[in-house]
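Structure first, commentary second.
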Amino acid sequence: MSRSAVSMSSRERATGSRVALAKRWLLVLAALAIMAASFSAAQSIRPARADVPADQVNIPVAGSPLSNIITASPYSLSPGFSPAVHDYVVRCQASANQITFTLVAKPPGSIQVGYQNGSTATVTVGLAESQAAVVQATDANNPAQQVQYWIRCLPHDFPQMNVSKPGTPSPGWYLTGTIVPGPGNSSSTYAMILDENGTPVWYQSAPGGAINVELLPYSKNTIAWAPNLGPGVGSNLNGAYSLYQLDTQTASTAAVSPGLPTDPHELLQLSNGHRIMIATPSKGGQDLRSLKQFNPAFDTTNGTIVDCLIEELDTTGALVGQPWKASDHVDVKESNRPAAVTYQGVPNVADIYHCNSVDVDSVTGDILVSMRHTDAVYRITNPSGGLASVVTWKMGGNAITKDQSTAHLTVTASDTERGFFGQHDARFRPNGNISLYDDHTPSPSGCSPCATPGPARGVEYAVDTTLGTATLVWEYQSPDGLNSPATGGFRRSPDGSDSLIAWGFKPGSGFTEVDSNHIPLLAMTFPNGDLEYRAVKVLPGDLDVNLLRQTAGLPRSTALPIAWQGIGGLTLTSKPGAASWAPNRFDVFARGPDQQMGHLWWDGSQWYGWEPLGGVLASGPGAAARSPGLLDVFVRGTDDQLYHRWWDGSQWNGWEALGGVLRSSPTVASWSAGRLDVMVQGTDSQIWRKFWDGSQWSGWEPLGGQTNADPAVATWGAGRLDLFIRNVDGTLGHRWYDGGQWSTWEWFAGSLSNGTGPSAAASANGELDVIVSGTANVPQRLQYNGGWRPWQSLGGATPQTPSVVKRDLGPTEVFVTGTDGALYHEPLSSASPARTRPMAPPNRGDASKL
C-alpha cells in the first residue's frame, strides 16, 4: 500500500470524513439506473467446456541458462539432463510423490526460482502419476527466449524400460506397446510413443494389450492399437481397434464388416482415408488330412479352419468391393505350422494361415500379405473395383500353390538360412524389394521346409519374377542369437539408412535401431518380461509434441470428473465472491455488465436471484460470513478505495468507505463472529491488511510479498489465517498467521493465468483448498490434508479468479466465471480420480500365438 493509502487509513478513522466519503459514494449509486434485464430471474444450465487437463506444475526459472545439471530425488531423472533434451521421466509411486529437483545455473551465472537467488536452487513439488513438472528456463542459444523441460511422473505400473543410445538416430517418434505385462502382473499394458532418446513422451493405459500401435497417417493425430482379440487371431465378434484422437481427446473404434471378428494384426490406412483390415471368421467342411502329421485332431474331412479375409473399408466403415479370402487362393497343404486353437468355444479349430500383416503397393495397388503359418508372403493383384484378385507370387514356404497363375519364388543361397519362418511385418520397399521380420521360430514336426536353428532378424530381399528368385540383400540378426517364438516387426527408411527391428517375444523384448552399416543407434528393452508386438517410426512432423505432452496418461488421477453446472440470469464481468453461513447455504456475489453488484443464493433446494445490490464496482467482490445470517461483502470502488456492505440478518446496510488505494479485488476471512480480516494488493504490489476486531477497524498493515493479482485468505480457527498470492512469476505464494505472528513466505511451483489470483477456503480440521485459474485458464486445485497434495485439474476454463467455499459439515463448492460470462459451480466432494482399468491382462498363452 502506498503512502497515500497509509495517510488515508488515519483519515478514515475520523468519523466525519468517513461519512462524507460514504455519502459521495451513495450519490454515485443513486445516479445509476438498475438494469432489470441484467438481473433476470430466469435460470439455465449450460454445459462446461471439456479441455485437456492442464495439471502440469510449472517451475519458472529466471536468470542465466541452466547448466548440464538437473537432478531429481528420491527418483532418478531419465535420461540424464542435457539442455538440448526437453523430455524426461521419473518413475513414481501410486500415491502422491514429493520430488525434489536441484537446478544449477550455467557458470558463472545465477538463477532465480521463487524466493531463491543464486547459482543453485532446490524445488520440491508434489506430483501424481502421469503429472508433469515443467521447468521454464532461459534458452542458452537465445537469452531472449525460454525453453521448457518436461519431467513426467510415470505410473507405478508402467513397464520397466532399459534404453541405450550408442549412436545418433534420425529425429522421429517410435510407436510401440506392450501386449503382455511382466510376470505376476508386476506392470500393466500400455500404448506408448517414444522420442529419439527412448523417452515415453506419450502413453495411455491399454487394458487387454496394445497390439500394433500405429499413427493413422491420413487422420491427423489419430493413434490406433488393438487389444488381444482371441487365441492369436481375432475371434471376438465384438472386438475392435481403439482409435484415440489426440487433438480432441476422443476415443472411437474401428472394426471389420458386421458379423465378422476383427483380427488385431493390421490396420492400414490408405491415402483416401479407407482402411485395410483383416477379418478372421471360421470356415467348416474342410479336408485337413494333409495336416494330420502336425496334430492328430486334423485327421478329418470335415474340419474347421480360421480363414483370413482382407477387407477394404471406407471412412464410414462400409465394405468396398469384395474381400479377398485366403481359403479361395491358398491351399490347406501350404500350411507349414498349423495351430489347433479354441475358437469361440470350439476346440481344435485349425489356424492354418494366420495372416499377420498387409501392405499396399503405392504404384500398382497390389497387396502384400504375410501368413505366419505358411512361412510365406503373397503378392496379390488388386484391380480397381475391389480386393477379390489372384496371387501373383508366393515367396518362402513350400512350393505348393492353389492359383494357377501363382509363381513360387525360391530364396537363393545368398541367404544361408534359405528362407524365413514364422515371419511378421512384410512390406513393399520403394525399390521394389520386400522387407520382413524373420522370427526364425523353430518348426514343428512334419514341416517342409523346416527352420534350422538361428537368430531372429530383419531382412530385405530383391525379387526377380523372371528367374523366380528372392535374393537376400540386407539383414540384421538378433545380437543374442535367439529366435522369436512370436510377434515382431521390421521397418526401414526409404533410403535404407535407418532400420528399426522390433524383437517380439524374446527375452528383453523391445527394439533396436541401426544404420545401413549395421551400427546400432538406439536400443530399448523391457527387462522385466513385458512383451511387445511391433514398433514403427514416424517423422518428427507427423506428431505434435505439445499434443503428446498434454494428453499423455489420460485420464489422469489429477483430472477430477467435474460436471460444471451453469447458472444464467446475469452476465458476469468479474470473478464471483462466495460465502456460506450454514450447511447447504451459499451466497454468491459478482459484478454485472452495468458494474453493479448482483447477489445469488442457494437455500438448500433451489437458487434465488439475481438480486441487484447497487454500487459501481471496479473489481470483483470478496465475501465472508461471520456467523449464521450475517454476510459481509467488500469491493474496490472506482476511486480505488475499499467499500463494505453487510447483511445484518434482516436487511442490507448501505455502503461504507474504508479507504486505501487498491490495485486488486479484496479478499476477506472471518475467524469468529466479531472478526473480519481483509487483504488487498496495494499500489506497491505488496499485500496490505485491515481488520475489524468487533468494535472498530484497524489501520492498514503491510504484509509483504509481490503480486499482480487478487490475493486470497482463509481461516480454520481463531487466530489462524492462511494468505495466498500470485507471485509476479505466476507461481503461488503462501504465508500464515498463527499464535500472534506471521510465518515467512512459502513458494509453490505451478502456474496461475495472467491477471488472476488464487481463492482459498479452510475447514476446522485444518484442511485447505486453494483454487486457481491455471494453464490455459483451466481451474486447478491444490489441497492440504495433512500435507500438500499434487495439483489437480478441474476441467473447463475461466478467465477470472475462482471462488471456493468450504464448510466443516458440507461439500467444498467452487464458483467460476465461464468464458461465456455465466456463473458455473460444482461441489468437489463428488469428485474422484477418473482412472479405471476395466479389462483384465491378456492371457500369455493366447498372446504367444501372435
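The values are calculated or read from the model by the stated rules, or taken from the named source; none is laboratory data. If you're wondering where the values come from, they're calculated on a predicted model, not measured in any experiment. Cβ coordinates were reconstructed from backbone atoms using ideal geometry, including for glycine residues, and neighbour counts include every protein chain displayed.
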| request: Kindly indicate whether Val728 is β-branched (Val, Ile, Thr) and surrounded by fewer than 21 Cβ atoms within 10 Å (Cβ to Cβ). | output: yes
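Quick grid of which residues meet (1) surrounded by fewer than 17 Cβ atoms within 10 Å (Cβ to Cβ); (2) modelled with pLDDT of 95 or more:
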residue	(1), (2)
Trp601	no, yes
Gly604	yes, no
Ala657	no, yes
Gly660	no, yes
Ser665	no, yes
Gly674	yes, no
Thr683	yes, yes
Ile687	no, yes
Pro702	yes, yes
| Identity of the residue in the stretch 227-242, modelled with pLDDT of 95 or more and farther than 20 Å from Pro200 by Cβ, that ends up surrounded by the fewest Cβ atoms within 10 Å (Cβ to Cβ) | Ala240
| query | Quick one: in the stretch 286-299, which of the residues that are out of contact with any Phe, Trp or Tyr (no Cβ under 8 Å at 6 or more places or on another chain) and farther than 15 Å from Asp351 by Cβ is surrounded by the fewest Cβ atoms within 10 Å (Cβ to Cβ)? | reply | Pro296
| task | All but one of (1) out of contact with any Lys or Arg (no Cβ under 8 Å at 6 or more places or on another chain); (2) within 20 Å of Leu676 (Cα to Cα) hold for His599, so report the exception by its number. | result | (2)
| query | Quick one: Glu611 ticks every box in (1) among the charged types (D, E, K, R); (2) assigned to a strand (DSSP E or B); (3) out of contact with any strand residue (DSSP E or B) (no Cβ under 7 Å at 6 or more places or on another chain) bar one, so which box is it? | reply | (3)
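Does the stretch 534-541 include one or more residues that are out of contact with any strand residue (DSSP E or B) (no Cβ under 9 Å at 6 or more places or on another chain), outside any loop (DSSP other than H, G, I, E, B), surrounded by fewer than 16 Cβ atoms within 10 Å (Cβ to Cβ) and in the same structural domain as Val180 (by TED's automatic domain parsing)?
yes
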| request: Test Asp530 against the criterion of being in contact with a Pro (Cβ under 6 Å, 6 or more places away or on another chain) and acidic (Asp, Glu), and give yes or no. | output: yes
| Looking only at the stretch 96-125, which residues are closer than 18 Å to Ser76 by Cβ and crowded, with 16+ Cβ neighbours inside 10 Å? | Asn97, Ile99, Phe101, Leu103, Val104, Val123, Val125
| query | What is the one condition in (1) surrounded by fewer than 21 Cβ atoms within 10 Å (Cβ to Cβ); (2) part of a strand (DSSP E or B); (3) out of contact with any helix residue (DSSP H, G or I) (no Cβ under 8 Å at 6 or more places or on another chain) that Gly649 does not satisfy? | reply | (2)
| query | Is it the case that some residue within the stretch 677-691 is in contact (Cβ under 8 Å) with a residue 40 or more places away in the chain, assigned to a loop (DSSP other than H, G, I, E, B) and of a type in the set (Asp, Glu)? | reply | yes
| said: Considering only residues that are at pLDDT below 95 and more than 13 Å from Ala226 (Cα to Cα), which ones fall in the stretch 172-186? | reply: Pro181, Gly182, Pro183, Gly184, Asn185, Ser186
| Scanning the stretch 614-623 for residues that are assigned to a strand (DSSP E or B) and hydrophobic (A, V, I, L, M, F, W, C), which turns out surrounded by the most Cβ atoms within 10 Å (Cβ to Cβ)? | Ala623
| If we scan the stretch 225-238, do we find a residue that is under 17 Å from the mean Cα position of the chain (by Cα) and not assigned by TED's automatic domain parsing to the domain that holds Pro107? | yes
| note | the stretch 395-446: strands (runs of 3 or more DSSP E) wholly inside it with 1 or more residues that are assigned by TED's automatic domain parsing to the domain that holds Leu368 and touching an Asp or Glu at 6+ places or on another chain (Cβ under 6 Å) are 424-428, 434-438
| In the stretch 78-116, what residues are of a type outside the set (Gly, Ala, Ser) and in a loop (DSSP other than H, G, I, E, B)? | Pro79, Phe81, Pro83, Val85, His86, Cys92, Gln93, Lys106, Pro107, Pro108, Tyr115
| Listed residues Ala255, Ala224; which is at pLDDT 95 or above and either under 16 Å from Thr189 (Cβ atoms) or charged (D, E, K, R) (or both)? | Ala224
| said: Checking the structure you have, find out if any residue of the stretch 342-357 is touching a residue at least 12 places away in the same chain (Cβ under 8 Å) and of a type in the set (D, E, K, R). | reply: yes
| Restricting the stretch 302-319 to residues that are within 20 Å of Ala339 (Cβ to Cβ) and not in a strand (DSSP E or B), which is nearest to the chain's Cα centre (by Cα)? | Cys308
